[in-house]
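Asker: Sharing a structure, written as structure tokens. Questions coming.
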Amino acid sequence: MSVHGIAILGATGSIGASSLDVIARHPQRFRVVALTANGHAEGLAELCQRFVPEIAVVADPTRLHELEAALRARKLPTRALAGAAALCEAAVWHGVDSVIAAIVGAAGLAPTLAAARAGKRLLLANKEAVVCAGPLLLEAVAAGGGALLPVDSEHSAIHQCLSASGAKGGARRLILTASGGPFRQREDFGGITPAQAVAHPNWVMGRKISVDSATLMNKGLEVIEASWLFCFGADAIDVVVHPQSVIHSMVEFADGSVLAQLGTPDMRTPIAYALGHPQRIDSGSPTLDLMQLAALTFEPPDASRFPCLRLAYDALRAGGGASIVLNAANEVAVAAFLDSALPFARIAAVVEASLSALAFAAPRSLDDVLAIDAAARRHAAAACARSSP
Ligand code: NDP
């Protein structure tokens, strides 16, 4: 078995940590070649000490000296690079076979596209990249001749159900499960703090996706992601709240069969699925103990308390640049909320105001995507300023 070279974009994050945990279980199979972070130079150097990649990249150029010093102090041969272009360099580095795209937000789009164009096997966690540029990303994967495997647990579940169906075609509905987040049963959204919003009941994740889970925007982004990855329209994708997070998603077929994928809520399972595909490899996830489960329950999402889900469906149906506007406005609003500069209950309002005010044709290039993203960020920042507590 030849050793497979891996780049992790966003190595210092939650998906980065889970990916490295899986990789470390298979030293004969995987070799870490490139690791990137945004500004956490010391954390990145610690990972370099453990995995000794050929290159390490900080996106923030002001942290390059810190990274170089930290690598020198550890006497590591790893080369330090910085900046946006260096992220793309890491994604296409010669010894890299698979790229785990785990940068949070639209910031991950350019290196993810670069990896796809270069024909790397793309293990995609960075859902914002596909929300902003689904068709461009799929074209790039096709042109590069590589493959795309979803890491998001719901999309991994759908990929597994479609692969396991044993028959060609016939899938008629995707059913994405949602935990409902920390405020599933809360009526009044006033006074919610960032600490409360990031305290997810089932999953340990980065701060931005945790807030997205609390507003259900995460599920909305996943609906758009599923639409592009599996070629299903908005009307054929349903969301069901399943608080136990044991069923990760389902596919309904023409004959009425519904296939589901189950497991403990641990991102190492979908990461191991993507890393090992088409083989199954050990992930380190705990075994699912069915006897410990009191019940598996399901309920419809509450559209009035969680308007972000509807906004995402609206953006998907509107087409053009609407999904980019949705994503950019949400990123700005979530960052403002995490800075205590916007009330939790106003996140959806900022996104809705941006979607109502801005309309763009479908982007034809990365530059088009970035221009729409920038315009939406300006609009959302102004809306946040007007809504500040
Ligand atoms: P984290 O916030 O934990 O980690 C984000 C990573 O991206 C860090 O390495 C961070 O570096 C880096 N980063 C942040 N901003 C930039 C930037 N501007 N340029 C370059 N690098 C940057 O996020 P998660 O790991 O939780 O999520 C990553 C992606 O995976 C998201 O798109 C999320 O939606 C998706 N995802 C996550 C899941 C989870 O369980 N966490 C589940 C499914 C999908 P630094 O540490 O230096 O800031």
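The values are calculated or read from the model by the stated rules, or taken from the named source; none is laboratory data. Remember, it's a predicted structure, so these values are computed and weren't measured experimentally. Using ideal geometry, Cβ is built from the backbone for each residue, glycine included, and neighbour counts are taken over all protein chains shown.
Asker: Looking for whichever is small (Gly, Ala, Ser), surrounded by fewer than 18 Cβ atoms within 10 Å (Cβ to Cβ) and touching a Cys at 6+ places or on another chain (Cβ under 9 Å) here; the options are Ala341, Ala345, Ala336. Which one fits? Reasoning before the result, please.
Answerer: Values: Ala345 fails: touching a Cys at 6+ places or on another chain (Cβ under 9 Å); Ala336 fails: surrounded by fewer than 18 Cβ atoms within 10 Å (Cβ to Cβ).
After applying the criteria, what remains is Ala341.
One line per residue, one yes/no per condition, for (1) touching a Lys or Arg at 6+ places or on another chain (Cβ under 9 Å); (2) closer than 20 Å to Leu216 by Cα; (3) assigned to a loop (DSSP other than H, G, I, E, B); (4) without any contact (Cβ under 8 Å) to a residue 12 or more places away in the chain:
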| residue | (1), (2), (3), (4) |
| --- | --- |
| Leu275 | yes, no, no, no |
| Ser285 | yes, no, yes, no |
| Ala295 | no, no, yes, no |
| Val325 | no, yes, no, no |
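Asker: Among the listed residues Ile192, Ile224, Ile209, identify the single one that is touching a helix residue (DSSP H, G or I) at 6+ places or on another chain (Cβ under 8 Å), over 19 Å from Leu338 (Cβ atoms) and either away from the ligand (no atom under 13 Å from the Cβ) or among the β-branched types (Val, Ile, Thr) (or both). Outline the logic, then answer.
Answerer: Working: Ile192 fails: over 19 Å from Leu338 (Cβ atoms); Ile209 fails: over 19 Å from Leu338 (Cβ atoms).
It is Ile224.
Asker: Now a separate question. Can you spot a residue in the range 354-362 that is out of contact with any His (no Cβ under 8 Å at 6 or more places or on another chain), in contact (Cβ under 8 Å) with a residue 40 or more places away in the chain and assigned to a helix (DSSP H, G or I)?
Answerer: Yes: one or more hits.
Asker: Return the total of residues in the range 117-137 being closer than 21 Å to Gly10 by Cα and more than 16 Å from the chain's Cα centre (by Cα).
Answerer: Of the range 117-137, the ones closer than 21 Å to Gly10 by Cα are 117-134, 137.
This time we only want the ones that are more than 16 Å from the chain's Cα centre (by Cα), so: 117-121.
So the answer is 5.
Asker: Here is a follow-up. Restrict the check to the range 233-246 and report whether at least one residue is touching a helix residue (DSSP H, G or I) at 6+ places or on another chain (Cβ under 9 Å), closer than 22 Å to Asn126 by Cβ and either within 13 Å of the ligand (Cβ to nearest atom) or not hydrophobic (A, V, I, L, M, F, W, C) (or both).
Answerer: yes
Asker: Looking at Thr112, is it modelled with pLDDT of 95 or more and away from the ligand (no atom under 16 Å from the Cβ)? It would help to see each step written out before you state the result.
Answerer: Details: modelled with pLDDT of 95 or more: yes; away from the ligand (no atom under 16 Å from the Cβ): no.
The answer is no for Thr112.
Asker: Can you run down the residue pairs with Cβ atoms below 6 Å, 6 or more apart or on separate chains, where the first is in the range 240-255 and more than 24 Å from Ser285 (Cα to Cα) and the partner is assigned to a strand (DSSP E or B) and of a type outside the set (D, E, K, R)?
Answerer: Val240/Ile175; Val240/Thr177; Glu252/Val258; Phe253/Ala171
Asker: Is it fair to say Arg310 is surrounded by 12 or more Cβ atoms within 10 Å (Cβ to Cβ) and not in a helix (DSSP H, G or I)?
Answerer: Values: surrounded by 12 or more Cβ atoms within 10 Å (Cβ to Cβ): yes; not in a helix (DSSP H, G or I): no.
Against the criterion (surrounded by 12 or more Cβ atoms within 10 Å (Cβ to Cβ) and not in a helix (DSSP H, G or I)), Arg310 does not qualify.
Asker: Can you tell me how many residues within the range 195-206 are of a type in the set (Gly, Ala, Ser) and within 10 Å of the ligand (Cβ to nearest atom)?
Answerer: If we filter the range 195-206 for residues that are of a type in the set (Gly, Ala, Ser), which is where we start, we get 195, 197, 199, 206.
With the extra rule that they be within 10 Å of the ligand (Cβ to nearest atom), the set shrinks to 206.
Number of matching residues: 1.
Asker: Please work out which residue is farthest from Gln244 (Cα to Cα), limiting yourself to the range 260-271 and to residues that are within 14 Å of the ligand (Cβ to nearest atom) and either in a loop (DSSP other than H, G, I, E, B) or among the aliphatic types (A, V, I, L, M) (or both).
Answerer: Start the filter on the range 260-271 by keeping residues that are within 14 Å of the ligand (Cβ to nearest atom), which leaves 263-271.
From what is left, the residues that are either in a loop (DSSP other than H, G, I, E, B) or among the aliphatic types (A, V, I, L, M) (or both) are 263-267, 271.
Values: Gly263: 11, Thr264: 9, Pro265: 9, Asp266: 12, Met267: 15, Ile271: 20 Å.
Of everything passing the filter in the range 260-271, Ile271 is farthest from Gln244 (Cα to Cα).
Asker: Could I ask something else about it? Among the listed residues Gly43, Gly39, which satisfies the condition of being surrounded by fewer than 23 Cβ atoms within 10 Å (Cβ to Cβ) and touching an Asp or Glu at 6+ places or on another chain (Cβ under 6 Å)? Spell out the reasoning first.
Answerer: Numbers: Gly43 fails: touching an Asp or Glu at 6+ places or on another chain (Cβ under 6 Å).
Unique residue meeting the criteria: Gly39.
Asker: Name the pairs whose Cβ atoms lie under 6 Å apart, with the first residue in the range 184-201 and more than 14 Å from Val334 (Cβ to Cβ), the second surrounded by fewer than 18 Cβ atoms within 10 Å (Cβ to Cβ), and 6 or more positions between them or separate chains?
Answerer: Phe189/Ala345
Asker: So, one more: Would you pick out the residues in the range 48-65 that are crowded, with 19+ Cβ neighbours inside 10 Å and more than 21 Å from the chain's Cα centre (by Cα)?
Answerer: Cys48, Phe51, Pro53, Glu54, Ile55, Ala56, Arg63
Asker: Within the bounds of the range 132-147, is there any residue that is in contact with a Leu (Cβ under 6 Å, 6 or more places away or on another chain), outside any helix (DSSP H, G or I), modelled with pLDDT of 95 or more and of a type in the set (A, V, I, L, M, F, W, C)?
Answerer: Taking every residue of the range 132-147 in turn, none turns out to be in contact with a Leu (Cβ under 6 Å, 6 or more places away or on another chain), outside any helix (DSSP H, G or I), modelled with pLDDT of 95 or more and of a type in the set (A, V, I, L, M, F, W, C).
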